[in-house]
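Visitor: My questions will all concern the structure given below.
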Amino acid sequence: AVVSTQVREAVVSTQSTGVMPNLYGDIFSDLTAGLIGGLGLAPSGNMGKDGIAIYEAVHGTADDLVEQNKGNPTALLMSALMMLRHMGLKTHADKIEGAVLETLKERKFVTGDIGGTATNPEYAAEICRKIKG
Amino acid sequence: SRCINAEYGSSGINAEYGVSTAAAPRTKYGGKTTVTLIPGDGVGPELAESVTTIFKEMAVPVEFEMIDLNREQLKDEGAFDYAIKSLKRNGVGLKGVINRSADFRHHNVEFRGNLDVYANVVRCMSFEGIKTHHTGIDLIAIRENTEGEYSCLEHESVPGVVESLKIITREKSMRIAKFAFDYAREHNRKKVTCIHKANIMKQSDGLFKACCKEVSEDYPMIKYEEQIVDNTCQQLVINPQQFDVMVMPNLYGNLVSNLAAGLVGGAGVVPSKSYGENIAVFEPGARHTWMEMKGMYVANPSAMVLSGAFMLKHLQLHEAGDVLIKAVKRVINRGEVRSRDLGGSCTTREMTRAFLAELDAIHSE
């Protein structure tokens with residue numbers, strides 16, 4: 001599809017998968033992160049030759065949030081889950097993901113970027129509580 | 001530039017470019033102005049029909065020089081060149097999208113280059129009657145339309161390795177930046193944001209950004225900001241109300257104006273205006289031919305009709321232009337007659353009839 005059409009459709013439809021060159025991918029990944037709630041939530045993985053795989057959050061360094069425990073770790077955490085799945089550790093990944101999604105759904109202990117008041121450690125502690133069951 | 005001031009009836013000299021901003025004489029016969037009409041491909045002819053029908057009913061003093069350019073005609077080089085001549089002669093045009101012909105000549109791109117229609121302006125305003133996730137949007141995307149990633153200079157020096165040249169010049173960047181700030185000032189807008197990716201394309205986008213910054217210093221009353229394009233796309237879907245006037249190189253302009261059009265209701269409702277030194281072309285903001293629906297009369301003619309209305313204003317026919325804009329907006333906002341893209345099932349002709357009925361209603365008010 002022509003990228004300009006795809007960009008327009010992305011804001012009106014709910015499902016899309018695409019493969020694209022570098023610049024469009026950069027733009028599209030930020031755009032779709034925005035659609036789901038922002039850069040605090042979007043994970044990614046970079047696959048290379050010989051099975052190399054590097055997982056990272058879509059967001060940047062967020063210099064304005066340094067040393068305040070305000071950053072949302074979901075993006076990096078979900079990237080780590082992608083890594084676990086790549087390593088064949090699906091059960092662990094699913095368990096953690098379940099806890100993350102439930103915490104986000106309850107909205108009691110979520111970070112500022114998605115409308116909550118919890119700090120990074122408080123959010124993580126809640127996820128751990130849910131994993132322990 | 002001459003073309004913006006012509007719309008609002010003022011005049012002056014654009015000192016930097018030595019171009020008079022007084023309205024240049026137009027092709028006028030018997031009190032009517034001749035404009036070029038290029039319906040284009042796909043649903044284009046159906047949309048053009050809406051405009052010609054409405055203009056006839058309104059008895060506006062505009063005569064259309066209709067130029068049919070579709071895939072078949074484009075095989076004859078003469079047809080395309082004739083269209084260019086017509087636009088140069090008339091100075092004003094209304095057009096749909098031409099489908100790219102098989103020989104890789106980029107006709108839409110060539111139009112803009114050949115005619116030097118360098119500034120594409122897409123204003124995205126929320127409609128009360130269209131249900132969208134975000135409301136209260138009123139942004140203006142100004143796109144440099146003649147160079148950048150659309151220079152169409154590509155070569156394959158080694159099989160399987162293609163190089164593409166993105167051309168950014170100081171001259172054209174300064175020109176579009178000045179256009180954007182002049183436009184902002186004429187329309188009482190408060191902020192201009194330069195959209196770029198200079199962190200990666202340090203020289204090309206870096207030059208563009210530097211030119212915008214330089215021009216901004218001549219307009220101290222207007223706030224100037226810079227933003228990286230991927231962040232801009234994110235911001236557009238999270239908080240589009242933050243944007244006022246945006247100025248950017250060709251490709252980002254294409255993506256941002258399409259994205260913004262999607263936010264306010266889609267390709268069916270957003271018009272655009274494109275300006276050169278001595279020429280103005282009006283066409284729908286998100287350019288798509290919708291070939292699959294050709295001949296079915298399901299396309300929304302609002303964007304094309306609004307483009308026609310802005311063309312009337314450009315021709316100093318403000319009363320006619322304003323009343324037509326009012327009629328279209330009222331029909332869309334009332335939400336009773338809606339084409340497919342707006343969630344209804346009305347045909348192109350039904351929408352046109354609704355606009356005409358509304359024009360009658362306004363006339364009797």
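Visitor: Which shape class, rounded, prolate or oblate, goes with the range B:227-282 when its Cα gyration tensor gives a ≥ b ≥ c as root eigenvalues, a/c under 1.5 marks rounded, and past that a/b bigger than b/c marks prolate?
Guide: oblate
Visitor: Report, for the protein assembly as shown, the % of DSSP beta bridges that are antiparallel, rounded to 5.
Guide: In the protein assembly as shown, DSSP labels about 55 percent of beta bridges as antiparallel.
Visitor: On a 0 to 90 degree scale, rounded to 10, what angle separates helix B:348-363 from the longest Cα axis of chain B?
Guide: 80 degrees
Visitor: In degrees from 0 to 90, rounded to the nearest 10, what is the angle of the helix B:77-90 Cα long axis to the longest principal axis of chain B?
Guide: Here the helix axis deviates by roughly 80 degrees.
Visitor: Now, a different point. Points 7 angstrom from Cα along the Cβ direction at B:Glu319 and B:Lys88: gap in nanometres?
Guide: Between B:Glu319 and B:Lys88, the label points sit 3.7 nm apart.
Visitor: Out of the range A:35-117, which trypsin sites (Lys or Arg not before Pro) are coil in DSSP terms and have no more than 12 other C-beta atoms within 10 Å?
Guide: Filter output for the range A:35-117: A:Arg107, A:Lys108.
Visitor: Given a Förster distance of 41 Å, report the FRET efficiency between B:Glu217 and A:Glu106 from their Cβ-Cβ distance, rounded to the nearest 0.05.
Guide: Result of the calculation: an efficiency of 0.20.
Visitor: Something else about it: How many Å² of accessible surface get buried when A and B come together, counting both sides, probe radius 1.4 Å, rounded to the nearest 100?
Guide: So the buried area, both faces added, is about 1600 Å².
Visitor: Here's a follow-up. Using the Kirkwood formula on the Cα atoms of the range B:264-365, what hydrodynamic radius do you get, in angstrom to one decimal?
Guide: One over the average 1/r among Cα pairs gives 14.1 Å for the range B:264-365.
Visitor: At 1.4 Å probe size, put B:Asp68, B:Asp244, B:Asp138 in order of accessible surface, largest to smallest. All intermediate terms of the calculation are to be shown ahead of the outcome.
Guide: On the way: B:Asp68 80, B:Asp244 25, B:Asp138 50 Å².
Ranked list, largest accessible area first: B:Asp68, B:Asp138, B:Asp244.
Visitor: Over the range A:31-133, with the other protein chains present, what is the accessible area per residue in square angstrom, probe 1.4 angstrom?
Guide: Values: 6360 Å² over 103 residues.
On a per-residue basis, 62 Å².
Visitor: Here is a further query. Quick check: pseudo-label points 7 Å beyond the Cα along Cα→Cβ at A:Asp50 and A:Lys70, how many nm apart are they?
Guide: Label-label distance for A:Asp50 and A:Lys70, simple model: 4.3 nm.
Visitor: Let me know the shape class of the range B:168-286, please: from the alpha-carbon gyration tensor, a ≥ b ≥ c as square roots of the eigenvalues, rounded when a/c is under 1.5, otherwise prolate if a/b is greater than b/c, or oblate.
Guide: rounded
Visitor: How far is helix B:302-314 tilted off the main Cα axis of chain B, in degrees rounded to 10, range 0 to 90?
Guide: 80 degrees
Visitor: Over the range A:44-133, what percent of the accessible surface lies on carbon and sulfur atoms, probe 1.4 Å?
Guide: On the way: 3450 of 5940 Å².
Heavy-atom surface of the range A:44-133 belonging to carbon and sulfur, 1.4 Å probe: 58 percent.
Visitor: Right, here's the next one. What area, in nm² and to one decimal, does the C-alpha convex hull of the protein assembly as shown cast on average over all directions? Walk me through the intermediate numbers first.
Guide: Values: hull surface 111.2 nm².
Its Cα hull, projected and averaged over all orientations, spans 27.8 nm².
Visitor: So which GluC sites (Glu not before Pro) in the range B:88-160 are both in a DSSP loop and have at most 14 other Cβ atoms within 10 Å of their Cβ?
Guide: Passing sites in the range B:88-160 are B:Glu128.
Visitor: In addition: Ignoring everything but the protein chains, give the 1.4 Å probe accessible area of A:Leu81 in square angstrom, nearest 10.
Guide: Accessible surface of A:Leu81 is approximately 0 Å².
Visitor: Please work out the average accessible area per residue across chain B, using the 1.4 Å probe convention, and give it in Å².
Guide: Spelled out: the 1.4 Å probe surface of chain B, per residue, equals 42 Å².
Visitor: Can you classify chain B as rounded, prolate or oblate using the Cα gyration tensor, where a ≥ b ≥ c are the square roots of its eigenvalues, rounded means a/c under 1.5, and otherwise it's prolate if a/b beats b/c and oblate if not?
Guide: The shape class here is rounded.
Visitor: Show me the GluC sites (Glu not before Pro) within the range B:209-284 that DSSP assigns to loop and that have at most 12 other Cβ atoms within 10 Å of their Cβ.
Guide: Of the GluC sites (Glu not before Pro), the ones in loops of the range B:209-284 whose Cβ has at most 12 other Cβ atoms within 10 Å are B:Glu217.
Visitor: Let me ask something else. Dipole magnitude of the protein assembly as shown about its Cα centre, charges +1 at Lys/Arg Cβ and -1 at Asp/Glu Cβ only, in debye to the nearest 20?
Guide: 620 debye
The values are calculated or read from the model by the stated rules, or taken from the named source; none is laboratory data. Model, not experiment: these values are computed from the prediction. Glycine also receives a Cβ, built like all others from the backbone with ideal geometry; neighbour counts cover every protein chain displayed. Just the protein is used for accessible areas: all its heavy atoms, side chains included, with ligands, DNA and RNA removed. Shrake-Rupley method; radii C 1.70, N 1.55, O 1.52, S 1.80 Å.
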